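The values are calculated or read from the model by the stated rules, or taken from the named source; none is laboratory data. Small disclaimer: the values here were computed from a predicted structure and weren't measured. Because the Cβ atoms are built from the backbone with ideal geometry, glycine has one as well, and the counts that use them run over all protein chains shown. Ligands, DNA and RNA are excluded from the accessible area calculation, which covers all protein heavy atoms including side chains. Shrake-Rupley method; radii C 1.70, N 1.55, O 1.52, S 1.80 Å.
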Amino acid sequence: MKFFIDSADINEIKDLADSGLLDGVTTNPSLIKKQLDKTGGDFLELIADICKIIDGPVSAEVAALDFDTMLKEAEKLANIASNIAVKLPLTPAGLKTCKILSQKGIMVNVTLCFSAAQALLAAKAGATFISPFVGRLDDLSQDGLQLIEDIVDIYEQYPNFTTEVLVASIRNPNHIVESAKMGAHVATIPPNVIRQLYSHPLTDKGLATFVADWEKTGQSILAA
Ligand code: G3P
């Protein structure tokens with residue numbers, strides 16, 4: 001499973017990229033606003049800076065809703081760097097733009113997916129990634145993980161589909177583990193949830209015991 005960080009925070013991206021475990025970045029207009037409210041600056045320059053930190057796909061989302069403007073925005077975003085994945089909404093204009101970009105070899109992340117029917121359309125439009133929002137369905141007491149299972153099952157029926165399931169709107173480590181069990185290709189994870197993945201109280205307790213017992217030996221690995 002590939003791990004993307006769901007953030008536009010340069011410092012968070014750099015910090016977690018140092019782990020060597022990040023495979024990409026996803027942003028969206030809300031994450032961009034959050035970052036620019038803190039730092040000011042220019043959206044396109046922020047995306048360009050993020051693209052220099054991570055070699056993997058960096059999702060940057062269009063703002064327009066109409067096809068003509070969306071296509072112009074998409075092509076401008078794609079020209080920022082070779083690892084840009086243009087993020088497009090799951091709308092008729094978004095999928096029409098997706099079809100054109102994918103035929104040009106430009107990576108596309110189709111976002112705001114909430115149904116298997118929508119995911120089927122995105123695959124037919126040649127999307128590189130489809131982003132089903134698990135957390136926002138769970139927020140409505142619907143079963144976000146069931147959507148992941150449905151999409152993975154449908155895509156597996158059609159070998160000509162190349163779209164990867166990119167699980168988004170992740171709220172906790174369980175979303176990641178259960179999606180991995182289902183064979184989802186990518187999880188885009190908020191920084192705080194990435195850090196939760198490392199944590200287990202028994203790891204902390206066991207390590208404390210190892211450290212204490214090692215100190216009692218009076219030995220040193222490096223001293224010899
Ligand atoms: O960036 C797309 C998605 O991961 C956003 O999720 O629900 O936390 O805003 P959410």
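For the stretch 2-199, with every protein chain kept in place, what is the accessible area per residue (1.4 Å probe, Å²)?
Result: 46 Å² of accessible area for each residue.
Under 20 Å of direct C-alpha separation, and excluding same-chain neighbours fewer than eight residues apart, LYS96 reaches these aspartates and glutamates: GLU61, ASP66, ASP68, GLU73, GLU75, GLU164.
Does anyone have the angle between helix 173-182 and the longest principal axis of the chain? Alpha-carbon axes, 0 to 90°, nearest 10? So the inclination is approximately 60 degrees.
With contacts taken as Cα pairs under 8 Å at a separation of at least 6 residues, the stretch 2-199 carries a relative contact order of 18 percent. For ILE189, the residues whose modelled amide H falls within less than 5 Å of its own, excluding neighbours fewer than 5 places apart on the same chain, are PHE4, ILE5, ASP6.
Please report the carbon-and-sulfur percent of the accessible area for the chain; probe 1.4 Å, protein heavy atoms only, DNA, RNA and ligands left out. On the chain, the fraction of accessible area on carbon and sulfur atoms equals 55 percent.
Note on THR162/SER30: beta-carbon distance plugged into 1/(1 + (r/R0)^6) with R0 of 30 Å gives a FRET efficiency of 0.60. Normalised by 2.2 N^0.38 Å, with N the number of residues, the alpha-carbon radius of gyration of the chain equals 1.16. Under 9 Å from the Cβ of VAL193, count the other residues' Cβ atoms, weight Lys and Arg +1, Asp and Glu -1, and hand me the total. Surrounding charge for VAL193 is +1.
Rounded to whole numbers, the Karplus 3J(HN,Hα) couplings from phi for the stretch 139-150 are 4, 9, 6, 9, 9, x, 5, 5, 4, 4, 4, 4 Hz, using 6.51 cos²θ - 1.76 cosθ + 1.60 with θ = phi - 60°, and x at Gly and Pro.
Database remark: amide H of LEU88 closer than 5 angstrom to the amide H of ASN109, VAL110, THR111 (H placed geometrically; neighbours at sequence offset of 5 or more, or on other chains; Pro and chain starts carry no H).
In this calculation the C-beta distance from GLN219 to LYS52 is compared with R0 = 41 Å, giving a FRET efficiency of 0.40. Which value in deg cm²/dmol, rounded to the nearest 500, describes the helix-derived mean residue ellipticity at 222 nm for the chain, given -39,500 (n - 2.57) per DSSP H run of n ≥ 4 and division by the residue count? Rounded to the nearest 500, it is -15500 deg cm²/dmol. Taking a point 7 Å out from the Cα of ASN11 in the direction of its Cβ, the residues of the stretch 178-207 whose backbone N falls within less than 20 Å of it are 190-196. Whole-Hz Karplus values for the stretch 183-191 come out as x, 4, 7, 9, 10, 9, 10, x, x Hz, taken residue by residue from phi with 6.51 cos²θ - 1.76 cosθ + 1.60 and θ = phi - 60°; glycine and proline positions read x.
May I ask for the angle, rounded to the nearest 10°, between helix 201-217 and the longest principal axis of the chain, with both axes built from Cα atoms and the value confined to 0 to 90°? In the chain, helix 201-217 runs at an angle near 30 degrees to the longest axis. Computed from Cα positions, the angle between helix 67-78 and the longest principal axis of the chain comes to roughly 40 degrees.
In this structure, the residue pairs whose Cα-Cα separation is over 26 Å, taken from LYS33/LYS76; LYS52/LYS72; LYS104/LYS181; LYS38/LYS205; LYS99/LYS181; LYS33/LYS124, are LYS104/LYS181; LYS38/LYS205; LYS99/LYS181; LYS33/LYS124.
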